[in-house]
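K.L.:
One structure coming up, written as structure tokens, with questions to follow.
The values are calculated or read from the model by the stated rules, or taken from the named source; none is laboratory data. As the structure is a prediction and not an experimental result, all values here were calculated from the model. Backbone-built Cβ (ideal geometry, glycine too); neighbour counts: all protein chains shown. These accessible areas exclude ligands, DNA and RNA; they are computed on the full protein's heavy atoms, side chains included. Shrake-Rupley method; radii C 1.70, N 1.55, O 1.52, S 1.80 Å.
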Amino acid sequence: MVQSELARGTASGPYRGIGEFHLYESANANGPVAKKLMVLAEQRQLAVLAHVDDEAVDLLMAHSPTQGRELRLIWAHTGIGGAPIARVRQMLERYPKLMGELSYRPGLTCEGGKLCAPWRELILAFPDRFLVGSDTWINQRWSSYDEIMQGYRGWLGDLPPAVAQRVAWGNAAGLFGVR
């Protein structure tokens with residue numbers, strides 16, 4: 001079923017990604033569906049948006065044919081579950097196509113909505129690996145969409161303009177092949 005649906009694509013063209021999917025426990029990343037999904041995503045060069053903790057990222061990457069070197073995984077709310085910045089950095093270094101999605105990320109900003117220094121340093125070290133999302137998974141989040149985006153504009157303003165542009169939309173456009 002999944003293979004035929006992927007082959008059909010959509011009216012606007014082929015699928016480019018899968019997700020956001022949630023694994024509520026890291027061990028679920030070892031389930032048969034998760035394993036098949038990682039293989040399929042890598043084979044089809046699909047980006048996968050996963051709402052998981054750092055342990056699950058490692059497990060998911062291990063299921064890809066290249067052990068995560070070619071899997072385009074977007075880590076929703078990068079570091080959610082308490083992964084420290086050093087661990088996020090380690091994972092970005094280990095997995096060359098891992099992307100960090102920064103919506104609804106506690107600890108990203110400090111006083112006045114500015115980027116916290118460790119996050120600013122990490123984004124500057126990996127300017128092509130971060131992107132923003134809206135995390136509009138419930139209707140209430142849509143009603144505050146403008147406010148959410150205004151908050152992003154605030155901390156994006158703490159970055160050099162070229163980096164801010166990449167994080168705001170350029171990295172996502174490149175990932176999904178959009179001009």
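K.L.:
Limited to region 72-98, what total is found for residues that are small (Gly, Ala, Ser) and either closer than 17 Å to residue 172 by Cα or at pLDDT 95 or above (or both)?
P.N.:
Of the residues in that region, 2 qualify.
K.L.:
Collect the residues in region 69-104 that are out of contact with any helix residue (DSSP H, G or I) (no Cβ under 7 Å at 6 or more places or on another chain), of a type in the set (Lys, Arg) and surrounded by fewer than 18 Cβ atoms within 10 Å (Cβ to Cβ), keeping them in residue-number order.
P.N.:
69, 94, listed by residue number.
K.L.:
Looking for whichever is of a type in the set (A, V, I, L, M, F, W, C) and not in a helix (DSSP H, G or I) here; the options are 40, 49, 92. Which one fits?
P.N.:
Sole residue among the options that is of a type in the set (A, V, I, L, M, F, W, C) and not in a helix (DSSP H, G or I): 49.
K.L.:
Scan region 57-67 and tell me whether some residue there is of a type outside the set (Asp, Glu), touching a residue at least 40 places away in the same chain (Cβ under 8 Å) and open to solvent by 10 Å² or more (accessible area, probe 1.4 Å).
P.N.:
No: region 57-67 contains no residue that is of a type outside the set (Asp, Glu), touching a residue at least 40 places away in the same chain (Cβ under 8 Å) and open to solvent by 10 Å² or more (accessible area, probe 1.4 Å).
K.L.:
Now for a different question. Quick one: which helices (runs of 4 or more DSSP H) lie wholly within region 116-179 and hold at least 2 residues that are at pLDDT 90 or above?
P.N.:
Qualifying helices (runs of 4 or more DSSP H): 117-125, 145-156, 161-165, 171-175.
K.L.:
Report yes if residue 9 is touching a Phe, Trp or Tyr at 6+ places or on another chain (Cβ under 9 Å), closer than 23 Å to residue 145 by Cα and surrounded by fewer than 16 Cβ atoms within 10 Å (Cβ to Cβ), otherwise no.
P.N.:
Against the criterion (touching a Phe, Trp or Tyr at 6+ places or on another chain (Cβ under 9 Å), closer than 23 Å to residue 145 by Cα and surrounded by fewer than 16 Cβ atoms within 10 Å (Cβ to Cβ)), residue 9 does not qualify.
K.L.:
Out of 109, 136, I need the residue that is crowded, with 16+ Cβ neighbours inside 10 Å, of a type in the set (Ser, Thr, Tyr) and either closer than 22 Å to residue 176 by Cα or touching a helix residue (DSSP H, G or I) at 6+ places or on another chain (Cβ under 8 Å) (or both). Which one?
P.N.:
That would be 109, the only listed residue that is crowded, with 16+ Cβ neighbours inside 10 Å, of a type in the set (Ser, Thr, Tyr) and either closer than 22 Å to residue 176 by Cα or touching a helix residue (DSSP H, G or I) at 6+ places or on another chain (Cβ under 8 Å) (or both).
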